[in-house]
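Peer 1: Got a structure for you, questions after.
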Amino acid sequence: MLRSLVIVCTLFGAGSCVIAAQASVRVEAANLQGPRPLEEQTATAAIRDYLQSWKTLGSALEENRADLLDRDFVGSARDKLTDTIQQQSKLGIQTSYRDRAHDLQIVFYSPDGLSIELTDAAEYDVQVIDHNNVQTTQRVSARYIVVLTPAELRWRVRVFQAAAL
Amino acid sequence: MRARSKILLGLLVAASAHTLLAQGSALTVPKTVEAGAGFSIQCAGSGKATLYIIGTGQVLKREVQLGETTLFPAGSLYNAGRYLAVLAGGATGTGEFDVVPAHQPANLSFLARPSRLQVGLHDGITGAVYVFDAYENLITVPTQVSFELSGPSGIAQTRSATTRDGAAWTAMDSSAREGTDKFVARTGGIVSTRMIGQVPGDPCSLKMNARQSGQQLELETDPVRDCSGNAVPDGTIVTFTEAYNGDESTVDVPLKRGIAKVEMPAHPGAIITVASGVALGNQIRWGR
């Protein structure tokens, strides 16, 4: 269930916007490579599920609970986040990720329909807590490359990788 | 021992070639680190402090001596992503840097579709690849990928594509001959293979012959083939229709050993036709 109600202005118009209660979301017109047309419903579902995955990621890293990842992450994305949670637990660290803004664009829809790749110019706050002491809170900007694959009920994040904007 | 230290220092210097004086000026962090490579972070000041490296891909914590360079040996950070360096304790400061994927591909995620299709279909086979390094990081710099579709008789088609954001795709025609083809994606010495079954298409043309046997006509087709000359599989339905004196009777017969056979009444003046799928065969008017 979405924690915040997402209001979609227009999903596919260039420079369209979506506003979430916590994070502002902008969806650029898709710049697709590949022969398969992307249906609006498919794009909407993939973006909705990706935005939900940020909430899941925030909770999992804050509570150091890898089991929370299962709903939204799969494959190497899940494995890497699980490793991070294990490292945090071992070191007595918690991190709090709060997404503030997303600028999204779908860039690839594989011909078999089994993966969608999108880019996200994201802004988020990271708080570092060591043995219950807050060490810092930083605003970070990064360009995420995300690959989603369909599961029974939703799109799950399979690749979740950031670089400088 | 001294030589090993020199090599390590050399690697660290290379990794730190682009360094940034971080916010608060107590930290100097590299701008980028290649996944799995060693690197160093300089912490200004004196005394001791705690250095945190924080990302969604990994988390590290080190007790550091301020005023000295903290060395992170090869293999310390291997998951690509944006990382925060946070100094706390005796001094404070923060910095950001990126761990970037290694340049050498080590793994291809190759999605080929379908696994079975008819021969002779234009762009009937598609393949998509994602290129990863040895640490399962998506290599995002443009990378050349070649695709080959080959059958038992050799390479039938080749294509090449350059990845964009780590992904590339291609489309191939299914070949003219039935059988199993190898669909190969290749980059930087990494090969991934999928098998594609190619089956005959629909009948292309039909020809039947008639022979009287008592009060019956024995109708039999020639071997049924698709437009590429492949034998159409047994079980494909062939329909014989006999029209006589305003009545019409129809018999559906599956192909057996490549041909269809049926017996129908030998009415003088009857018109007999044969069809399968969209292919219409010859017509016979049985003599009076």
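The values are calculated or read from the model by the stated rules, or taken from the named source; none is laboratory data. Please read these numbers as outputs of a predicted model, since none were measured by experiment. Neighbour counts are summed over all protein chains in view; Cβ atoms, including those assigned to glycine, are modelled from backbone coordinates with ideal geometry.
Peer 1: Among what's in segment B:110-151 and is assigned to a strand (DSSP E or B) and touching a residue at least 60 places away in the same chain (Cβ under 8 Å), pick the residue that is surrounded by the fewest Cβ atoms within 10 Å (Cβ to Cβ).
Peer 2: Looking at residues that are assigned to a strand (DSSP E or B) and touching a residue at least 60 places away in the same chain (Cβ under 8 Å), I get B:116.
Peer 1: Still on this structure: Quick one: in segment B:176-187, which of the residues that are assigned to a strand (DSSP E or B) and among the small types (Gly, Ala, Ser) is surrounded by the fewest Cβ atoms within 10 Å (Cβ to Cβ)?
Peer 2: Top of the filtered list is B:179.
Peer 1: Same structure again: Test each condition in (1) in contact (Cβ under 8 Å) with a residue 60 or more places away in the chain; (2) facing another protein chain (nearest Cβ under 8 Å); (3) of a type in the set (S, T, N, Q) for residue A:105 and report the one that comes out false.
Peer 2: All conditions are met except number (2).
Let's see how each residue does on (1) within 14 Å of chain B (Cβ to nearest Cβ); (2) on the phi < 0 side of the Ramachandran plot; (3) modelled with pLDDT of 95 or more:
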site: A:35; (1), (2), (3): yes, yes, no
site: A:39; (1), (2), (3): no, yes, no
site: A:78; (1), (2), (3): yes, yes, yes
site: A:85; (1), (2), (3): yes, yes, yes
site: A:90; (1), (2), (3): yes, yes, yes
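Peer 1: Take segment A:108-133 and flag every residue that is more than 9 Å from chain B (Cβ to nearest Cβ) and among the small types (Gly, Ala, Ser).
Peer 2: Residues satisfying the conditions are A:121, A:122.
Peer 1: Taking the stated definitions as given, is residue A:124 surrounded by fewer than 21 Cβ atoms within 10 Å (Cβ to Cβ), of a type outside the set (A, V, I, L, M), in contact with a Phe, Trp or Tyr (Cβ under 7 Å, 6 or more places away or on another chain) and at pLDDT 95 or above?
Peer 2: No: the conditions fail for residue A:124.
Peer 1: Inside segment A:134-149, can you point out the residues that are of a type outside the set (A, V, I, L, M) and more than 7 Å from every other protein chain (Cβ to nearest Cβ)?
Peer 2: Of everything in segment A:134-149, those that are of a type outside the set (A, V, I, L, M) and more than 7 Å from every other protein chain (Cβ to nearest Cβ) turn out to be A:137, A:139, A:141, A:143, A:144, A:149.
Peer 1: Please determine, by comparing only the residues of segment B:266-286 that are over 13 Å from residue B:255 (Cβ atoms) and of a type in the set (Val, Ile, Thr), which one is farthest from the chain's Cα centre (by Cα).
Peer 2: For segment B:266-286, the residue satisfying everything is B:271.
To keep it simple, each residue is scored yes or no on (1) crowded, with 18+ Cβ neighbours inside 10 Å; (2) among the acidic types (Asp, Glu); (3) not in a strand (DSSP E or B).
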site	(1), (2), (3)
B:234	no, yes, yes
B:248	no, yes, no
B:263	no, yes, no
B:268	no, no, yes
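Peer 1: Counting just the residues of segment A:150-159 that are assigned to a strand (DSSP E or B) and not charged (D, E, K, R), which one comes out nearest to the other protein chains (Cβ to nearest Cβ)?
Peer 2: A:159
Peer 1: May I ask you to list pairs of residues, at least six apart or on different chains, whose Cβ atoms are under 8 Å apart, with the first in segment B:152-175 being not assigned by TED's automatic domain parsing to the domain that holds residue B:114 and assigned to a strand (DSSP E or B) and the second being at pLDDT below 90 and surrounded by fewer than 17 Cβ atoms within 10 Å (Cβ to Cβ)?
Peer 2: Nothing qualifies.
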